[in-house]
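Since the structure comes first, as structure tokens, the remarks are kept for the end.
The values are calculated or read from the model by the stated rules, or taken from the named source; none is laboratory data. Because the structure is predicted, anything quoted here is derived from the model rather than measured. Every residue, glycine among them, receives a Cβ derived from its backbone with ideal geometry; neighbour counts consider all protein chains shown.
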């Protein structure tokens, strides 16, 4: 086996000279002759040959390293230097999925998930749930309630041609001017139940008001916004959306009842003053 050994050429070690030698057991074959690689007995050889033999003796007692080029050695040294200088963050973000840094990062993430408090998890779930609409069972329940409202409203009978009184006009005008000029059947049913007027007459009143506004050019459609109310598309006044927050059937019913109670108290006070 031929190995390149770098050894000093003189005792002063002024420069380095590569020497090619052949190793066999404890002897060195150098320039056509065998040299005994015993430090105590190296007869009739030059200082360079003695240095080569001594170097081969130490080399023969260690595992033979694989042959590498100067370029490969340089790359290995650079890689070692980069690893030594790398920060924990860069090590953790190594591209190799099998690297130690990647394994440490994955382990830390696993520990973070394991130690995450239940409250944090619950908050995350609640945020996700708030973005989702009502479930199928909830939607079916809301649909059933709206059908009940319409059934009750349609059961109210008002003689044809009966004019709306001041109370009727006040409540319906509040809905049209403050909430929406486009109530759907469910909300129109709530209005009919609240003022005890037939469902058909309530719907006709809102339709007539829209036609009058269109003829006069006072519809103000640019002030209407389309929003979702309990899964349905609604056109509400922008001021209602901005002032009252998200609307729902329950919200509309509560606001309607509040207006009615306030108007009833006003009428009762006026009646008491007249007596």
(message) As an exercise: evaluate residue 134 against (1) surrounded by 12 or more Cβ atoms within 10 Å (Cβ to Cβ); (2) modelled with pLDDT of 50 or more; (3) not in a loop (DSSP other than H, G, I, E, B) and give the number of the one condition it does not meet.
(response) (3)
(message) What's the total number of residues in region 221-247 that are without any contact (Cβ under 8 Å) to a residue 12 or more places away in the chain and assigned to a helix (DSSP H, G or I)?
(response) 5
(message) Checking the structure you have, find out if any residue of region 248-263 is within 24 Å of residue 154 (Cα to Cα) and assigned to a strand (DSSP E or B).
(response) no
(request) From 203, 266, grab the single residue that is at pLDDT 95 or above and either under 27 Å from residue 141 (Cα atoms) or assigned by TED's automatic domain parsing to the domain that holds residue 146 (or both). (result) 203
(message) Please go through region 190-204 and give me each residue that is assigned to a loop (DSSP other than H, G, I, E, B) and either surrounded by 22 or more Cβ atoms within 10 Å (Cβ to Cβ) or at positive phi (or both), ordered by number.
(response) 196, 197
(message) Can you find a residue that is touching a helix residue (DSSP H, G or I) at 6+ places or on another chain (Cβ under 6 Å) and more than 27 Å from residue 147 (Cβ to Cβ) anywhere in region 187-199?
(response) no
(message) Go through (1) part of a helix (DSSP H, G or I); (2) without any contact (Cβ under 8 Å) to a residue 24 or more places away in the chain for residue 218 and report which single condition fails.
(response) (1)
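With the structure loaded, tell me whether residue 223 is farther than 26 Å from residue 139 by Cβ, touching a strand residue (DSSP E or B) at 6+ places or on another chain (Cβ under 7 Å) and surrounded by fewer than 18 Cβ atoms within 10 Å (Cβ to Cβ) or whether it fails that test. Walk me through how you get there before you give the answer.
Details: farther than 26 Å from residue 139 by Cβ: yes; touching a strand residue (DSSP E or B) at 6+ places or on another chain (Cβ under 7 Å): yes; surrounded by fewer than 18 Cβ atoms within 10 Å (Cβ to Cβ): yes.
Yes; evaluated as a whole, the condition is true for this residue.
Condition first: free of Cβ contacts under 8 Å to residues at least 40 places away in the same chain and closer than 22 Å to residue 160 by Cα. Now tell me which residues in region 201-215 satisfy that. Please lay out each step first, then the result.
Restricting attention to region 201-215, the residues satisfying the condition of being free of Cβ contacts under 8 Å to residues at least 40 places away in the same chain are 203-204, 206-215.
203, 204, 206, 207, 208, 209, 210, 211, 212, listed by residue number.
Yes or no: residue 213 in contact with a helix residue (DSSP H, G or I) (Cβ under 6 Å, 6 or more places away or on another chain), surrounded by 12 or more Cβ atoms within 10 Å (Cβ to Cβ) and part of a helix (DSSP H, G or I)?
Working: in contact with a helix residue (DSSP H, G or I) (Cβ under 6 Å, 6 or more places away or on another chain): no; surrounded by 12 or more Cβ atoms within 10 Å (Cβ to Cβ): yes; part of a helix (DSSP H, G or I): yes.
The answer is no for residue 213.
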(request) Filter region 179-189 for residues that are crowded, with 22+ Cβ neighbours inside 10 Å and more than 15 Å from residue 236 (Cβ to Cβ) and give the result. (result) 189
(message) Checking residue 230 against (1) at pLDDT below 95; (2) surrounded by 13 or more Cβ atoms within 10 Å (Cβ to Cβ); (3) on the phi < 0 side of the Ramachandran plot: exactly one of these is not met. Which one?
(response) (3)
